[in-house]
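Below: the structure, in structure tokens.
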Amino acid sequence: MYKYIIRRLLIFIPMLFVLTIFVFGLIQAAPGDPITGKNFDPNIDPEVFERQKEALGLNDPIHVQYWNWVTKVMQGDFGESYIFKGRDVSELIGERIGNTFYLGIFTLFITIIVSIPIGIYSAKKPYSILDYGATTFGFFGLAVPNFFFGLVAIYVFSIKLGWLPSQGSVSSPGLTGIELFLDKLQHLILPGLTLGLAGTASYMRFMRSEVLDVLASDYIRTARAKGMTNRNVLYKHTLRNAMIPIITLLGFEVGILLSGAVITEGVFQYPGIGTLFLSSIGNRDYPVIMAINLMLGFFILLGNLLADIFYSIVDPRIRYD
Amino acid sequence: MSEVKLLEVSGLKTYFHLENKAVAKAVDGVDFYIRPGETVALVGESGSGKSITSLSIMKLINKPGKIEDGRISFGGKDLVGLNDKQMTNVRGKEIGMIFQEPMTALNPVFTIGNQIIETLIRHKKMTKNEARLRAIELLKVVGFPRAEETMKEYPHQLSGGMRHRAMIAIAISCDPKLLIADEPTTALDVTIQAQILDLMDEMKKKFNMAVLLITHDLGVVAEYADRIMVMYGGQIVEETTIEKLFLTPKHPYTMGLLDSLPSLEKEVDRLGAIKGTVPPAHRFPIGCRFSDRCPKVMSKCRDMNPSIYETDAEESHRVRCYLYE
Ligand SMILES: Nc1ncnc2c1ncn2[C@@H]1O[C@H](COP(=O)(O)OP(=O)(O)OP(=O)(O)O)[C@@H](O)[C@H]1O
Ligand code: SF4
Ligand SMILES: [Mg+2]
């Protein structure tokens, strides 16, 4: 197993390199540059823009630009923001990454504790009332777009009922300790539910069909023929097998959550990476965009890596390939 | 032979209620018994109801199937009346079962050791360590020389024959009085087949188990069984000792089965082979279920299904056919 994990880690490094090339290439392919949109002002001498471009290194050949960027990135230096003058990109990201991280963890947690038990129950009692209810919710969750659900949630729970805050990540800056924690949690509920809706729905359906498949398998019949109790058959023999594909999906979920967070954070004006990303795109703040793209890509790869590693732990058949 | 009966099945009916309202009568009025320590074979073509009969005894019939009627008396208890929880104390402990598919019958994510140990802990109230030692012993008995290492291995690391041995170890781990083997060797090649059957026979003698051996290989039957039951269309059509079945078969279906066996004297004369196929369990003919294929069919055969007739006063030889009315 260790051999497998080490091999997997070694593949991770070249994958990161490919990722940097992608991120860089994508930005190059996008039309315009940071100066675009500002050089229409007739009162400014075009020479000024030219000098600015020169200073930012935008006139260097592409491979030189790439190399300069990558070597800096490897040292943890993502450059300065074009828009927030004098501020490091890593500083800007650092201020907000915590919030996005909380949102992601909260969402993942909700997704897992809701979808997996319901999925199991639906499989245990297929075509029961709860199963039909879950199916209906599943279609709803997959069909309704994130942002729309978010807007409706704000309308109902913040504006009409006034139960939960509609935006931000804290109410007042002075809070500490448990109060701060509870306040932050309150701010997470609506964005978390919004972000987790589709995932919860699909995990629930997936878990249901996975458990049903496993319950029909020969080795479950063997376990029953050995006289194992229903509890044991379900929670030991079935679950361990049904979780294997779920774990792989959870790895992908890391990337899905992060990209989903961009829209959701926008809807709730939640001060995370997503809102920073949206404003940076509007401002053509290239260093920030590249850093966030790189980060998204990195977490997607990391999620897949973790999924592979977990997979090799729960499924003994993987270890000997 | 003693007349004490370990298992006595009477009037067993297991039906499947299909979606289009049709009813598949997979097992339709089956009677038989097994004495302690004897090997009884159940043979018949694919779809004749052998597996459903054995799964009914274990009460492992899943929806849409259901035991509709009958008694399954085992060691004095009627299993049909037991609830699922009570059945878990019979399964694996008093009746062991091994299945046809060695590739998929063991749980892929648990070690062989784990799968034997959990059975012992469940039924024998052993501690983990006692169970571990007993499991190693069992693996040695069924032919794993490096049993300690095998304990830590996963099913995919064993060959088909080896997995079968592991299954046998699990099935006999709690000293069951009856072992049900549903086509235990069909998936194996011939030499391994013989080894596994010999092993089962050895275990049977060592632990004084009765065996219900399900197979469609009459050669296997001749070698290992004491008595034989031939099944057709969800019913038993002939039941007797091995000697009588091979020397004086009575049911036209049994004769057909024997004729289709390759034999030394007859060279390759397969003309006796039965034409046609088993009718599906939701569309049996009205009369004798074999009437569409029977070379000796008479007019009354098509009107009503014959009952089973005792044709031998000394040792049972039952035949379900109007020729022996
Ligand atoms: N789940 C099910 N739903 C509907 N019909 C079923 C189901 N399981 C079995 N049957 C029917 O029951 C009949 C008997 O099946 P069974 O599996 O007992 O046959 P078998 O004698 O064991 O055959 P084989 O030699 O192929 O194992 C078949 O005609 C089959 O169509
Ligand atoms: S009852 Fe008639 S059809 Fe059926 S086996 Fe006997 S002779 Fe053939
Ligand atoms: Mg079968």
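In table form, for the structure just shown:
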| quantity | calculated |
| --- | --- |
| Qualifying position, being in contact with a helix residue (DSSP H, G or I) (Cβ under 6 Å, 6 or more places away or on another chain), within 13 Å of chain A (Cβ to nearest Cβ) and surrounded by 19 or more Cβ atoms within 10 Å (Cβ to Cβ), among B:E118, B:E101 | B:E101 |
| Filter result (more than 16 Å from ligand 3 (Cβ to nearest atom) and either within 14 Å of chain A (Cβ to nearest Cβ) or more than 25 Å from B:G75 (Cα to Cα) (or both)) within segment B:199-217 | B:L199 |
| Segment B:201-219, residues that are surrounded by 13 or more Cβ atoms within 10 Å (Cβ to Cβ) and either within 16 Å of ligand 1 (Cβ to nearest atom) or in a loop (DSSP other than H, G, I, E, B) (or both) | B:M209, B:L212, B:L213, B:I214, B:T215, B:H216, B:D217, B:L218 |
| Lone unmet requirement of (1) open to solvent by 10 Å² or more (accessible area, probe 1.4 Å); (2) closer than 16 Å to B:V230 by Cβ; (3) within 13 Å of ligand 3 (Cβ to nearest atom) for B:L55 | (2) |
| Residues that are without any contact (Cβ under 8 Å) to a residue 60 or more places away in the chain and either in contact with a Phe, Trp or Tyr (Cβ under 7 Å, 6 or more places away or on another chain) or hydrophobic (A, V, I, L, M, F, W, C) (or both), drawn from segment B:221-241 | B:A222 |
| Which listed residue is at pLDDT 95 or above and assigned to a helix (DSSP H, G or I), from B:A222, B:A194, B:A131 | B:A131 |
| Number of positions in segment B:134-148 that are in contact with a Leu (Cβ under 8 Å, 6 or more places away or on another chain), open to solvent by less than 30 Å² (accessible area, probe 1.4 Å) and not in a loop (DSSP other than H, G, I, E, B) | 2 |
| Options B:I192, B:I170, B:I196, B:I180; residue that is crowded, with 22+ Cβ neighbours inside 10 Å and away from every other protein chain (no Cβ under 14 Å) | B:I196 |
| Test: residue in segment A:233-251 that is more than 30 Å from A:I97 (Cα to Cα), open to solvent by 10 Å² or more (accessible area, probe 1.4 Å), without any contact (Cβ under 8 Å) to a residue 60 or more places away in the chain and not in a helix (DSSP H, G or I) | no |
| Which listed residue, of A:I110, A:I178, is aliphatic (A, V, I, L, M) and closer than 19 Å to A:L250 by Cβ | A:I110 |
| Complete set of residues in segment A:263-279 that are open to solvent by less than 20 Å² (accessible area, probe 1.4 Å) and under 14 Å from the mean Cα position of the chain (by Cα) | A:T264, A:E265, A:G272, A:I273, A:G274 |
| Members of segment B:58-97 that are open to solvent by 30 Å² or more (accessible area, probe 1.4 Å) and either among the basic types (K, R) or facing chain A (nearest Cβ under 10 Å) (or both) | B:K59, B:N62, B:K63, B:K66, B:R71, B:K77, B:D84, B:K85, B:N89, B:K93, B:E94 |
| Any hit, segment B:9-18, residues being among the β-branched types (V, I, T) and within 9 Å of ligand 1 (Cβ to nearest atom) | yes |
| Flag for A:S115 being assigned by TED's automatic domain parsing to the domain that holds A:E265, open to solvent by less than 80 Å² (accessible area, probe 1.4 Å) and more than 23 Å from A:P245 (Cα to Cα) | no |
| Residue within segment B:153-167 that is open to solvent by 40 Å² or more (accessible area, probe 1.4 Å) and more than 13 Å from chain A (Cβ to nearest Cβ) present | yes |
| Pairs with Cβ under 7 Å, 6+ apart, first in segment B:302-313 and over 17 Å from B:P252 (Cβ atoms), second modelled with pLDDT under 90 and surrounded by 12 or more Cβ atoms within 10 Å (Cβ to Cβ) | B:E310/B:S316 |
| Selected residue [more than 19 Å from B:L212 (Cα to Cα) and either in contact (Cβ under 8 Å) with a residue 24 or more places away in the chain or away from ligand 1 (no atom under 15 Å from the Cβ) (or both)] from B:N107, B:N62 | B:N107 |
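The values are calculated or read from the model by the stated rules, or taken from the named source; none is laboratory data. Since we're looking at a predicted model, the values are computed, not measured. For neighbour counting, all protein chains shown are included, and Cβ atoms are generated from backbone atoms with ideal geometry for every residue, glycine included. What goes into the accessible areas is simple: the full protein's heavy atoms, side chains included, and nothing from ligands, DNA or RNA. Shrake-Rupley method; radii C 1.70, N 1.55, O 1.52, S 1.80 Å.
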